[in-house]
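Chemist: Supplied in structure tokens, the structure appears directly below.
Every read-out reported here was derived from the displayed coordinates using simple, explicitly stated rules and does not represent laboratory data. On a predicted model such as this, the values are computed, not experimentally measured, just so you know. Every residue, glycine as well, gets a Cβ built from its backbone with ideal geometry; the counts of neighbours run over all protein chains shown.
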Amino acid sequence: MYQKSLWITLAAGMLLVFGCSTSPAGALPDADAGPMPLPSTALAEPLPSEEEETIEFYGVSKKKSQLSEETLKWLDWYYTLAEDEREALSFIPSEFFAYGSGYTMETGPHGDSPAYADSLTEQELAATEELARYYFTNGFGGVEEIQLASDSFSLYQNLGIEAEYAPGNIIIYMVLTKKDKDAGNPMRSISIARKSKSDSWKVINSGY
């Protein structure tokens, strides 16, 4: 009698335990119960990407990737100068040329830059280069490297000086003198112009 009563008690207990489960093991969730919550990792926000370094010069901001290696080296040198030495410079890297900031840009018929170098003959280019080399003979130790400035070089639009001369009567060179090379300085510009084709060439401006 006692054994029979024990089996009845065990059976009632098992029924009570398994009867509390609303769905069998492995069964799919009820469609009316709504979507299952996503794992916490799926809700995590992506890490913000690092912003690219921005460089500002005379109120004009540029991303570092937009600047040439030559300009970056020039800026490194520029910021080693004292404030009064910086103010004495007239050179502005072409990447920082801000239209409408005191310069005017005359363009060709198709909106491109004037062809300053192509406006001169080979003889005229040779004569202006010789003048540039001679200019840096005394006090600079001569010329180590010389090259034509690009037609889009902002100094061509320098009001009151270079901008007063039309293509065919002006040319700008970038020059690395021996003195600057030894001191670790960048190339400097030299502007050579004439009032008309019947006039002689002369140096009208030079500097960093």
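Chemist: For residue 64 and residue 138 in the same chain, what is the full-extension length gain: residue separation times 0.36 nm, less their Cα-Cα distance, in nm?
Modeler: Result: 22.9 nm gained on full extension.
Chemist: Given R₀ = 35 Å, FRET efficiency for residue 203-residue 55 by Cβ-Cβ distance, to 0.05?
Modeler: With R0 = 35 Å, the Cβ-Cβ based efficiency is 0.65.
Chemist: Summarise the long-distance tail of P(r) for the range 125-204 by giving the % of C-alpha pairs beyond 14 Å.
Modeler: Value for the range 125-204: 60 percent of Cα pairs lie more than 14 Å apart.
Chemist: Now a separate question. Using a basic spin-label model with each label point 7 Å from the Cα along Cα→Cβ, how many nm lie between residue 83 and residue 115?
Modeler: Using points 7 Å along Cα→Cβ, the separation is 4.7 nm.
Chemist: Further question on the same structure: Over the alpha-carbon set of the range 163-208, work out the extent along each principal axis and list the three values in angstrom, largest first.
Modeler: So the three principal-axis extents are 39, 18, 12 Å.
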